[in-house]
1. Taking L240 as the residue in question, decide whether it is within 28 Å of H346 (Cα to Cα) and in contact (Cβ under 8 Å) with a residue 40 or more places away in the chain.
2. If I filter the stretch 44-55 down to residues being surrounded by 13 or more Cβ atoms within 10 Å (Cβ to Cβ) and not aliphatic (A, V, I, L, M), which single residue comes out as nearest to G260 (Cα to Cα)?
3. Please enumerate the residues belonging to the stretch 148-164 that are open to solvent by 10 Å² or more (accessible area, probe 1.4 Å), part of a strand (DSSP E or B) and of a type in the set (V, I, T).
4. Considering only residues that are without any contact (Cβ under 8 Å) to a residue 60 or more places away in the chain and out of contact with any Lys or Arg (no Cβ under 9 Å at 6 or more places or on another chain), look in the stretch 113-147 and name the one that is least open to solvent (accessible area, probe 1.4 Å).
5. It is to be established whether one or more residues within the stretch 324-342 are modelled with pLDDT under 95 and of a type in the set (A, V, I, L, M, F, W, C).
6. Can you pull out the residues in the stretch 33-43 that are open to solvent by 30 Å² or more (accessible area, probe 1.4 Å), of a type outside the set (S, T, N, Q) and either assigned to a strand (DSSP E or B) or in contact with a Ser or Thr (Cβ under 7 Å, 6 or more places away or on another chain) (or both)?
7. Being in contact (Cβ under 8 Å) with a residue 40 or more places away in the chain, farther than 30 Å from D366 by Cα and open to solvent by 60 Å² or more (accessible area, probe 1.4 Å) is the requirement here; does D30 meet it?
8. Considering G358, G279, G354, which residue is in contact with a strand residue (DSSP E or B) (Cβ under 6 Å, 6 or more places away or on another chain), more than 20 Å from Q136 (Cβ to Cβ), assigned to a loop (DSSP other than H, G, I, E, B) and of a type in the set (G, A, S)?
Amino acid sequence: SMSTGPSSAPVGGLSFSDSCTVGVPALSADRVAFLASKGVEVTPLEPLGAAVRGLDLRKQPREDVLDTLQREMAERGFVVFKDQGVLSGEEQVRASEYWGGREMHSTHGVHPRAPNRHIFRLSNDPDVGILGVGPQWHNDGSFERGVFSHVGYHIINVPENGGGTLYAHQGAAFDMLPDDVAERWKRYVSVNSNSGVLHPMVHAHPISGRLSVYLHLGMTGAVIEVNDVPDKPDEKSLRLLEDEEMRQLFNQYNDLLNAGLSDDSPYRTAPERQQRPEGVKPFTTAYQYEKGDVVFIDNLAVAHRAAPEAHESHLKQGLRVLHRTTIKAMKNFDPPYGLPPMVNVHGPNPLGQGVWRGGGVGYRWDDGIRMQN
């Protein structure tokens, strides 16, 4: 390992729970049959996600078809619409507005070659699109009070030598936590390092209701622990996690999501700490885009990170061009315990001690990794 001294040594490995029986739920037979009756074929991708054929995103689908697909996204994390060809910018925006809050929520930089302001154009060639985004586990729009409900990824140019996206099921990940860790994480609230919005580390998913984990490993400036006050049921005490606790928490979250990968995956960053217990099925995948793919993720059901080779030079990998669209939340993703939705993260530490880092990538939990948003 790149250990430079005690502080960067592997930290408090999690002993994962093997009582987790749910994992990624199977496709609903009823929903599959209903969609088949409308000419839409849905097949599972393993270990998560689903592929859809027989539906042209350029034509507005029926409401009951959209609702059924959106439920499947919430349960299985993402849906890939196959064989769509290349959607124009306008067509991708229209297809994005089928989901979640039903309108665009665009906050990104616009590359000169993006077809419109709603398309975030990503590439491994800076002349063609924006470079190097999202190397660590995160959910998009974490700087917003209403974190994007869904995100679309449409591959415009598939790199010959690969350059996919890793997706991790945040409900299945929660189930892997030992009870004491799960109880502790339920009392954690993250503070975004750019905007100061507060988000719960554990929440019930707005569509599936499933308890799921949440943390942005590249844009978190502080984590608040909320504790009960003895004999005062209406009161809570707050404290900020200290440096060593932050380092441990962020590494544990990273280990947890990487542990969802299959045993032979090259994408585990510390395999010795990222093993699933016997009998627990994988819940993280490295999806390699194919020509004509349009992926829509439920952005509170799965976390994602770019595969490292997605950032390799186009001269080595072949040109990669991906159009991303971000869709408005159905409701605000506010913190529990009556905490305010937003604080001034650029001001002084409100609790006097603990980690409080405004700006940029926030808390650096590992000195040896790439962080860029």
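The values are calculated or read from the model by the stated rules, or taken from the named source; none is laboratory data. Given the structure is predicted, the values throughout are model-derived calculations rather than measurements. Cβ coordinates were reconstructed from backbone atoms using ideal geometry, including for glycine residues, and neighbour counts include every protein chain displayed. Keep in mind that these areas ignore ligands, DNA and RNA; they rest on the heavy atoms of the full protein, side chains included. Shrake-Rupley method; radii C 1.70, N 1.55, O 1.52, S 1.80 Å.
1. Working: within 28 Å of H346 (Cα to Cα): yes; in contact (Cβ under 8 Å) with a residue 40 or more places away in the chain: yes.
Yes.
2. Step one: filter the stretch 44-55 for residues surrounded by 13 or more Cβ atoms within 10 Å (Cβ to Cβ), giving 44-45, 47-55.
Then drop every residue that is not not aliphatic (A, V, I, L, M), which leaves 44, 47, 49, 53-54.
Values: P44: 17, P47: 9, G49: 14, R53: 27, G54: 30 Å.
By that ranking, first place goes to P47.
3. Of everything in the stretch 148-164, just one residue is open to solvent by 10 Å² or more (accessible area, probe 1.4 Å), part of a strand (DSSP E or B) and of a type in the set (V, I, T), namely I156.
4. In this case the residue turns out to be N116.
5. no
6. Of the residues in the stretch 33-43, the ones open to solvent by 30 Å² or more (accessible area, probe 1.4 Å) are 33-34, 36-39, 41, 43.
Filter again for of a type outside the set (S, T, N, Q), leaving 33-34, 36, 38-39, 41.
Passing the criteria: F34, E41.
7. Numbers: in contact (Cβ under 8 Å) with a residue 40 or more places away in the chain: no; farther than 30 Å from D366 by Cα: yes; open to solvent by 60 Å² or more (accessible area, probe 1.4 Å): yes.
Taking the combined requirement at face value, the residue does not satisfy it.
8. Numbers: G358 fails: more than 20 Å from Q136 (Cβ to Cβ); G279 fails: in contact with a strand residue (DSSP E or B) (Cβ under 6 Å, 6 or more places away or on another chain).
Criteria check complete, one pass: G354.
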